[in-house]
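Some notes on the structure that comes next.
The values are calculated or read from the model by the stated rules, or taken from the named source; none is laboratory data. Treat the numbers as computed from the prediction; the structure is a model and nothing was measured. When we count neighbours, we look across all protein chains shown, and the Cβ atoms used for this are built from the backbone with ideal geometry, even at glycine. With ligands, DNA and RNA removed, areas are computed over all heavy atoms of the protein, side chains included. Shrake-Rupley method; radii C 1.70, N 1.55, O 1.52, S 1.80 Å.
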Amino acid sequence: NEHKASSQSRLSVLTSPCKQISMVPDMGKWKRSQAYADYIGFILTLNEAVKGKQLTCAYPCSETVKKLLSLLGTLDRWIDETPPVDQPSRFGNKAYRTWYAKLDQEAETLVSDILPSNLSAAAPEIAVYLKEAVGNSTRIDYGTGHEAAFAAFLCCLCKVGALRVEDQLAIIFKVFDRYLQVMRKLQKTYRMEPAGSQGVWGLDDFQFLPFIWGSSQLIDHPTLEPRHFVEEKVVNEHHQDYMFLECIKFINEMKTGPFAEHSNQLWNISAVPTWAKVNQGLIRMYKAECLEKFPVIQHFKFGSLLSIQPVKP
């Protein structure tokens, strides 16, 4: 039982994750950190797992996955219970703060409910990433840094063993997909501002990861090529099966005018010959535009699960 006791005591000294990247020169610490290696490893492992697979394919759905879906269902229900308020400015509805305050208060309990009892000591640390994953309550905005916090949240659940290798497809196709639905509802309901948006020069106002994983799903597809995703008919026919097309469908619903104008980067991507090339290009772009950008990473929090310590050689 000594081994168990030591893992228990190790969990009880978990630190509350905090910011470590306060100046541009600190970015080197992040790139060399165990957290960076774990995070990018997690993204790429899942990228490999979903390759060529449809959202509707068969895969196991564990207890932890079911509990995560119920957590996201709770967040969704709170949106219904917190309607937007009347206010002069169109964007950034202040009711979001009321919704967020509820999550802030309940996050640890929600995370405890997901974890097996022997891991409950990890709840406070993991809950920090959940709270960071839904947007900023001061600015009422949402962007790729918040999305990264949700991926970090899932990565932590894998690191403590609550999610396992056999959960990989469910992590993307069930949990992450449900997370996206809830985020889209938040963005629409409270008219959230895009955080650090590059306007038409960014890939998308709010998300990035579903384009990476979504393009991997389409690798070697017998009929759908990158040039097809700008056709509304194709999107409407296939969006239930492919995360990439779900994202395009949401953009089409939210934006008016020619696709080439409001989503120039995606328009350019539609000219890439294969999905494998799209996927590689998006991974490179994600590293450059999100993971290597100080304004995004300055908000990232490091604890004992995602550590700022350098990778051991």
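The figures follow:
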{"read-out": "For G145: the one exception among (1) open to solvent by less than 20 Å² (accessible area, probe 1.4 Å); (2) touching a His at 6+ places or on another chain (Cβ under 8 Å)", "value": "(1)"}
{"read-out": "P88 vs. criteria of a type outside the set (S, T, Y) and open to solvent by 80 Å² or more (accessible area, probe 1.4 Å)", "value": "yes"}
{"read-out": "Among (1) open to solvent by less than 10 Å² (accessible area, probe 1.4 Å); (2) part of a helix (DSSP H, G or I); (3) closer than 20 Å to Q34 by Cβ - the single one A127 does not satisfy", "value": "(3)"}
{"read-out": "Verdict on T144 being β-branched (V, I, T), out of contact with any strand residue (DSSP E or B) (no Cβ under 6 Å at 6 or more places or on another chain) and without any contact (Cβ under 8 Å) to a residue 40 or more places away in the chain", "value": "no"}
{"read-out": "For K185: the one exception among (1) surrounded by fewer than 21 Cβ atoms within 10 Å (Cβ to Cβ); (2) farther than 28 Å from C57 by Cβ; (3) not hydrophobic (A, V, I, L, M, F, W, C)", "value": "(2)"}
{"read-out": "Test for E231: is it open to solvent by 30 Å² or more (accessible area, probe 1.4 Å) and more than 20 Å from the chain's Cα centre (by Cα)", "value": "yes"}
{"read-out": "Residue among H238, H262 that is touching a Lys or Arg at 6+ places or on another chain (Cβ under 6 Å), open to solvent by less than 60 Å² (accessible area, probe 1.4 Å) and under 29 Å from T189 (Cβ atoms)", "value": "H262"}
{"read-out": "Verdict on A148 being part of a helix (DSSP H, G or I), at pLDDT 95 or above and under 19 Å from P194 (Cα atoms)", "value": "yes"}
{"read-out": "Residue, nearest to Q217 (Cα to Cα), within the range 229-253, restricted to residues that are assigned to a helix (DSSP H, G or I) and touching a residue at least 40 places away in the same chain (Cβ under 8 Å)", "value": "M243"}
{"read-out": "The lone exception for L169 - which of (1) within 18 Å of S70 (Cα to Cα); (2) outside any helix (DSSP H, G or I) it fails", "value": "(2)"}
{"read-out": "Out of F244, F206, sole residue that is of a type outside the set (D, E), open to solvent by less than 50 Å² (accessible area, probe 1.4 Å) and touching a strand residue (DSSP E or B) at 6+ places or on another chain (Cβ under 8 Å)", "value": "F206"}
{"read-out": "Answer from R164, R178 - the residue that is open to solvent by 30 Å² or more (accessible area, probe 1.4 Å), of a type in the set (D, E, K, R) and touching an Asp or Glu at 6+ places or on another chain (Cβ under 9 Å)", "value": "R178"}
